[in-house]
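As structure tokens, the structure follows; a few thoughts come after it.
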Amino acid sequence: MNATEQLAVSIRDLRITFATDGGDVAAVKGIDLDVRPGEVLAVVGESGSGKTVTARSILGLLPETARVEGAVVLNGTDMVGLSPAKLRAMRGSEAAMIFQEPMTALNPVYTVGWQIAEGLRAHAASGQRRLSRRQAREKAIDILRRVGIPEPEKRVDDYPHQFSGGQKQRIVIAQALALDPAVIIADEPTTALDVTVQAEILDLLRLARDEFGTAIVLITHNMGVVADLADRVAVMYLGDIVETAPVRELFAAPQHDYTQRLLGAVPRLEVADRRFTGDADAEPIVAARGLEIEYPGRLGRKAFKAVQAVDFDIRPGEVLGLVGESGSGKTTIGRAIAGLAPVTGGSLRVLGQEMLGMREREFRAKRRELGFVFQDPASSFNPLLTIAQCVAEPLVVHGVAKSASDARDRVDELLEAVQLPKDFGDRFPHELSGGQRQRASLARALALDPKLLIADEPTSALDVSVQARVLDLFTELQERFGFAALFITHDLAVVDLLAHRVVVLHQGRIAEQGETAQVLGAPQADYTRRLIASLPVPDPVEQAARRAARG
């Protein structure tokens, strides 16, 4: 057996070029990479560095516009040039992928149980092993339970839109684990997850590695996750691998300038004393009193109360951080403030407008004063429009510009403000990386200079270097223009950096709220303490000590 056959993945001189209207774009420039059985290799780098493209090449998941040269050997089989039938046989059984954006990976017209079971039955049929619908359903329920979906016997028949963002990510992970593949390619597997669920998912991936010898290729921008899970790290920059080293060695003594900058940009929970200096007595931009949001039951099911008895204010110029686990009601509150979810009880006043019983035409004029950054940028953009047209859309809808072309100067300013080149405006959403799409989403939200910005996980898809620049930009713009902001996130270090006050949600209720320094520095609620204890720390030595303490 030669050296290549002993490796789970062996990449040699890989070059990937994309054909675009503006000419060929070299995404990967002749890299070599090895992954051993049972090893976790983290591939890190900023958006557009080529890390996701490299990972997708292992399963032959690149678009037709891609030209691939070199060798990508998976368990002894070169995936480059493999026929579609052979690629299908390899996917799922030999290697599986956890995608970055779960809403685009799940089919909205099928239940999640059907989607998991279909993959099981398809591979059982190709292997000449019959698997009944009942057996496939039972396996789907079991894997949903393993990834932490509550009441899997009931939720197996739900559709993707009935789950929170974090729960959808767990379902995508369940699909990847269903066939016990030899290699798991995890593209930002914890992006949408709060820190407590993130810790559980990392434990699950660690179990797959330790008990089944599964190799894991981890694509992430979260250096805390890298420190917690990875054995080795490969750093990519502009299509090249600039450094590869064992995780402790890389964190302790990074050799390349880019690696040093990347680690220097990692946000850390330092409990900064960021006090609100505005008018505390001014009328709140948002005021919630006994807020309740209930979704009606269907087909004999009981109604679901997503938010109950919630009180909070957002004052002019204030940044309020909203944190809690997936399904706690964070995004529901943000959507209710934007008039996208109905208020069913209590009171919610937004920009002077009562949202309980609100009619759309009454709130339409207020929408110009609101900006919204959605959690999933891929599904929030019209795929038929260019990025410039998407960013210009609020300006056109509200009559600030007659057309997208008339608004192009303003669009160029916004793109530059979020660190995107102006010529990216001529690209379509699918031609941008996940992090680049999120920055474009932020540019669109700022287009009308809003009084209130609702940001739902706005930095979740960004690598740490770009995240640091965007957060600095957010702070600079917020202080300069004085807009209020609701910042929804699972990253406590980001809340520490940005928010004047923080509200901690748990199962639709407020567990704790107060000044950010007080809540994060001296938490009173047990749930808040658990959140802080679960926060990944970008220090492999400390992470090892934590893992030992957890047993």
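Nothing in this text is a laboratory measurement; each read-out follows from the coordinates by a stated rule. If you're wondering where the values come from, they're calculated on a predicted model, not measured in any experiment. Here the Cβ is made from the backbone with ideal geometry for all residues, glycine too, and neighbour counts use every protein chain on show.
Please work out the C-alpha center-to-center distance from the range 284-323 to the range 172-245 and express it in whole Å.
Their Cα centres are 34 Å away from one another.
Evaluate the relative contact order of the chain (contact order divided by residue number), counting alpha-carbon pairs under 8 angstrom at least 6 apart; express in whole percent. Numbers along the way, then the final one.
On the way: 1132 pairs, mean separation 89.9, N = 551.
Reported relative contact order: 16 percent.
List the longest stretch of the chain that has no exposed loop site; here a site is one of the trypsin sites (Lys or Arg not before Pro) assigned by DSSP to anything other than H, G, I, E or B, with at most 11 other Cβ within 10 Å.
Longest stretch, sites excluded: 403-551.
Show that you can apply the helix-only estimate: for the chain, add -39,500 (n - 2.57) for every DSSP H stretch of four or more residues, divide by all residues, and state [θ] at 222 nm to the nearest 500.
Numbers: 22 runs with 202 residues, N = 551.
That calculation yields -10500 deg cm²/dmol at 222 nm.
Which FRET efficiency, nearest 0.05, do Glu354 and Arg145 yield, Cβ-Cβ r, R0 41 Å?
Working: r = 42 Å, r/R0 = 1.03.
Once the sixth-power term is evaluated, E becomes 0.45.
Taking every DSSP beta bridge with both residues inside the range 9-264, roughly what % is antiparallel (nearest 5)?
Working: 26 of 44 bridges.
Just about 60 percent of them are antiparallel.
Compute and list, largest first, the equivalent-ellipsoid semi-axes of the range 84-191 from the alpha carbon gyration tensor, each √(5λ) rounded to a whole angstrom.
Details: eigenvalues 85, 59, 27 Å².
Working from the Cα gyration tensor, I get semi-axes of 21, 17, 12 Å.
Once you list every other residue whose beta carbon is under 12 Å from the beta carbon of Pro394, what net charge do they have if Lys and Arg are +1 and Asp and Glu are -1? Write out the running numbers ahead of the final one.
Details: positive: Arg367, Arg368, Arg410, Arg444; negative: Glu369, Glu393, Asp449.
Once positives and negatives cancel, what remains is +1.
Run the simple label-point estimate for Ala272 and Asp157 please: 7 Å along Cα→C-beta, distance reported in nm.
Placing both labels 7 Å along Cα→Cβ, they lie 5.0 nm apart.
Over all alpha-carbon pairs in the range 1-82, figure out the percentage whose distance exceeds 17 Å. Intermediate values should be presented prior to the final figure.
Numbers: 1520 of 3321 pairs.
So the portion of pairs separated by more than 17 Å is 46 percent.
For a quick size check, give me the Cα extents of the range 9-264 along its three principal axes, largest first, whole Å.
53, 41, 37
So which helices of the chain fit the span-like rule, where a helix is a whole DSSP H run, its Cα atoms reach 24 Å or more along the axis, and its mean Kyte-Doolittle is at least 0.0?
On the way: long enough: 195-212 (25 Å, 0.41); 464-481 (25 Å, 0.19).
Length and hydropathy pass: 195-212, 464-481.
What does the extension gain come out to for Arg36 and Gln524, with contour length at 0.36 nm per residue minus their alpha carbon separation? Please report the intermediate quantities before stating the final value.
Numbers: separation 488, 0.36 × 488 = 175.68 nm, distance 4.49 nm.
Length gained, Arg36 through Gln524: 171.2 nm.
Within the chain, what's the longest run with no GluC sites (Glu not before Pro) in a DSSP loop and at most 16 other beta-carbon atoms within 10 Å? Give the range, please.
Numbers: sites that count: Glu5, Glu64, Glu270.
In short, 271-551.
Amide H neighbours of Gly321 under 5 Å, at least 5 residues apart or on other chains, H built in the peptide plane: list them.
Distant-sequence amide H within range of Gly321: Phe487, His500, Arg501, Val502, Val503.
Glu476 to Glu118: FRET efficiency via 1/(1 + (r/R0)^6), r the Cβ-Cβ distance, R0 45 Å, to the nearest 0.05?
Values: r = 48 Å, r/R0 = 1.07.
It comes out at approximately 0.40.
On alpha carbon coordinates alone, what is the Rg over Rh value for the range 218-347, Rh being the Kirkwood radius?
Working: Rg = 22.2 Å, Rh = 19.1 Å.
With Rh from the inverse mean 1/r over Cα pairs, Rg/Rh is 1.16.
Let me know the shape class of the range 419-523, please: from the alpha-carbon gyration tensor, a ≥ b ≥ c as square roots of the eigenvalues, rounded when a/c is under 1.5, otherwise prolate if a/b is greater than b/c, or oblate. If you can, show how the numbers build up before the last one.
Details: a/c = 2.18, a/b = 1.84, b/c = 1.19.
Prolate, since a/c reaches 1.5 and a/b exceeds b/c.
Tell me, in nm to one decimal, what length is gained between Ala365 and Asp78 on full extension, where the rule is 0.36 nm per residue of separation less the Cα-Cα distance?
97.5 nm
Which whole-percent values make up P(r) of the chain when all C-alpha to C-alpha distances are grouped in 20 Å steps starting at zero?
Distribution as computed: 21, 56, 23, 1 percent.
Semi-axes of the equivalent ellipsoid of the range 286-541: what are they in whole Å, largest first, if each equals the square root of 5 times a C-alpha gyration tensor eigenvalue?
Values: eigenvalues 174, 112, 58 Å².
After diagonalising the Cα gyration tensor, the semi-axes are 29, 24, 17 Å.
Considering every Cα-Cα pair within the range 133-190, what fraction, in whole percent, is farther apart than 17 Å?
Working: 595 of 1653 pairs.
More than 17 Å apart: 36 percent of the Cα pairs in the range 133-190.
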